[in-house]
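The block underneath contains the structure these notes are about, expressed in structure tokens.
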Amino acid sequence: MRVGPKPQALVRRKRGALCLPVSTLVVTVSAPAEVRRVFRPVLSWMDRETFALADRHFRGLGGGVPGIGQAPGRVAFVSEPGAFSYADFVRGFLLPNLPCVFSSAFTQGWGSRRRWVTPAGRPDFDHLLRTYGDVVVPVANCGVQEYNSNPKEHMPLRDYITYWKEYIEGGYSSPRGCLYLKDWHLCRDFPVEDVFTLPVYFSSDWLNEFWDALDVDDYRFVYAGPAGSWSPFHADIFGSFSWSVNVCGRKKWLLFPPGQEEALRDRHGNLPYDVTSPALCDTHLHPRSQLAGPPLEITQEAGEMVFVPSGWHHQVHNLDDTISINHNWVNGFNLANMWRFLQQELCAVQEEVIMRSCSGINFEEFYHFLKVIAEKRLLVLREAAAEDSAGLSFEQAAFDAGRITEVLASLVAHPNFQRVDTSAFSPRPKELLQQLREAVDAAVAP
């Protein structure tokens, strides 16, 4: 298999993986105290050819969602900084909605890999204590099931590191159970310098663009925990993409492509908490489990980056003492998945008030999300600028506007959204939709 048109992108095998080179085009994300809430990465490197390819792809789908079917036999591995472009990533992974792993060479310059890790490759507890010891962090108990997740508590990082050291000294055992620091908003809540470098492949990131504009929240997280800590079976929020880098340590990933999780439901319709549990072999409890294909398995080494496509359910185990940086992100390539997720949530909970408590967003807020992203694209298209000050190309703006137009049209027509009082919205939804249609038509006109 070859991804992209370049003959030098030859495939070789590594740990059962397809291997491809990777581009060195990156943009540093750092946040000194005085500007720590200003994240302005290059949004994309979409060129005219890639725009045409992506536009044809989505027109051909006719509103469908990609990524349904059997998992590939092995994960693609992007091996060396070099000749793998953003266009190659679009063709090989974003459009077909397939996972891949980038090598540790891609993250070797990250500040977190230099400062958070000892020469022996283990978490540098002393540095973390000096830098972040008083920060309060969320900690999950991996040994306690709460629905399909784990209950959390909050504690100062220094208390968690004390626990972690005692857990190691106790032979990776503790009366408190196996505790796992999860979903720490380090970039949002703490002045950070040179923690990571954002790859261009993941730079079109509407979730964090939206929340940065509001200066309220983000979807950038740090995870840290001992060997044996793990995350139960799940798909990422809103049908988002995600990427995850091991700053140190190793993880084992079990991934299922969209749709395969349905065969894993029990006779009550519930998804499993742990896909490695022997209970899945009980055909009385899980009558369709034998129809599920085997998961796509990845062993992620220190420094490597995993791209998780939209809608792929997964379960992740730390094989060593591990620290990772993780982002959730949405853009034009999976916006339809986000919209489908919200509609499914509404069907499941019936009432929008309940919907927001379950999914974190309702239809009204989804409109405001689309509006914030759309307005910047409209500005670029109206000015016919080759590239705006934040690196948003004309082709990227045209692609994004086209994807927003399709989803916004569906939102405006939805009966539940039509019951929302939009009289105070500026612009009104139908006005924004018309602006987008006109801008997209002008952008693609010969």
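The values are calculated or read from the model by the stated rules, or taken from the named source; none is laboratory data. Keep in mind that this is a model prediction, so the values were computed, not measured. Cβ placement follows ideal geometry from the backbone for every residue including glycine, while neighbour counts extend to all protein chains displayed. When the accessible area is computed, the model is the full protein with side chains, heavy atoms only, and any ligands, DNA or RNA have been set aside. Shrake-Rupley method; radii C 1.70, N 1.55, O 1.52, S 1.80 Å.
Among the numbered conditions (1) touching a residue at least 40 places away in the same chain (Cβ under 8 Å); (2) more than 22 Å from the chain's Cα centre (by Cα), the only one that Ala413 does not meet is (1).
Just one of (1) buried (at least 23 other Cβ atoms within 10 Å of the Cβ); (2) in contact with a Cys (Cβ under 9 Å, 6 or more places away or on another chain); (3) in a loop (DSSP other than H, G, I, E, B) fails for Phe333. It is (2).
Summed over region 214-223, residues that are touching a helix residue (DSSP H, G or I) at 6+ places or on another chain (Cβ under 8 Å) and modelled with pLDDT of 90 or more total 5.
Is there a residue being in a helix (DSSP H, G or I), open to solvent by less than 10 Å² (accessible area, probe 1.4 Å), within 28 Å of Gly239 (Cβ to Cβ) and out of contact with any Leu (no Cβ under 9 Å at 6 or more places or on another chain) anywhere in region 91-100?
Yes: one or more hits.
For (1) modelled with pLDDT of 90 or more; (2) farther than 23 Å from Gly239 by Cβ; (3) not in a loop (DSSP other than H, G, I, E, B), each residue gets a yes or a no:
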| residue | (1), (2), (3) |
| --- | --- |
| Phe341 | yes, no, yes |
| Ala348 | no, no, yes |
| Tyr367 | yes, no, yes |
| Lys371 | yes, no, yes |
| Ala374 | yes, no, yes |
| Val380 | yes, yes, yes |
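Filtering region 171-183 to residues that are of a type outside the set (D, E, K, R) and surrounded by fewer than 22 Cβ atoms within 10 Å (Cβ to Cβ) leaves Gly171, Tyr172, Ser173, Ser174, Pro175, Gly177, Cys178. If you go through region 407-417 one residue at a time, do you hit one that is closer than 17 Å to Gln343 by Cα, surrounded by fewer than 20 Cβ atoms within 10 Å (Cβ to Cβ) and in contact with a Lys or Arg (Cβ under 7 Å, 6 or more places away or on another chain)? Yes; the residues of region 407-417 include at least one that is closer than 17 Å to Gln343 by Cα, surrounded by fewer than 20 Cβ atoms within 10 Å (Cβ to Cβ) and in contact with a Lys or Arg (Cβ under 7 Å, 6 or more places away or on another chain).
So in region 133-168, with the set limited to residues that are in a loop (DSSP other than H, G, I, E, B), more than 20 Å from His185 (Cβ to Cβ) and in contact with a strand residue (DSSP E or B) (Cβ under 7 Å, 6 or more places away or on another chain), which one is least open to solvent (accessible area, probe 1.4 Å)?
Step one: list which residues in region 133-168 are in a loop (DSSP other than H, G, I, E, B), which gives 133-135, 142-145, 147-148, 150-151.
When the remaining residues are screened for being more than 20 Å from His185 (Cβ to Cβ), the result is 142-145, 147-148.
Still in the list and also in contact with a strand residue (DSSP E or B) (Cβ under 7 Å, 6 or more places away or on another chain): 142, 148.
Values: Cys142: 11, Asn148: 64 Å².
Checked region 133-168; the qualifying residue least open to solvent (accessible area, probe 1.4 Å) is Cys142.
Considering region 251-300, and only residues there that are surrounded by fewer than 18 Cβ atoms within 10 Å (Cβ to Cβ) and of a type in the set (Lys, Arg), the residue that is nearest to Tyr223 (Cα to Cα) turns out to be Lys252.
Being hydroxyl-bearing (Ser, Thr, Tyr) and at pLDDT 95 or above is the requirement here; does Ser204 meet it? Can you show your working first?
Numbers: hydroxyl-bearing (Ser, Thr, Tyr): yes; at pLDDT 95 or above: no.
Here the answer is no, as Ser204 does not meet what is asked.
Criterion first (assigned to a helix (DSSP H, G or I) and at pLDDT 90 or above) does Arg59 satisfy it? Steps first, please.
Numbers: assigned to a helix (DSSP H, G or I): yes; at pLDDT 90 or above: no.
Taking the combined requirement at face value, the residue does not satisfy it.
How many residues does region 278-317 hold that are more than 19 Å from Trp110 (Cβ to Cβ), touching a residue at least 60 places away in the same chain (Cβ under 8 Å) and in a strand (DSSP E or B)?
Residues of region 278-317 that are more than 19 Å from Trp110 (Cβ to Cβ), as a first pass: 278-299, 308-317.
Still in the running and touching a residue at least 60 places away in the same chain (Cβ under 8 Å): 293-296, 298-299, 308-317.
Filter again for in a strand (DSSP E or B), leaving 296, 298-299, 308, 313-317.
Counting residues in region 278-317 that are more than 19 Å from Trp110 (Cβ to Cβ), touching a residue at least 60 places away in the same chain (Cβ under 8 Å) and in a strand (DSSP E or B) gives 9.
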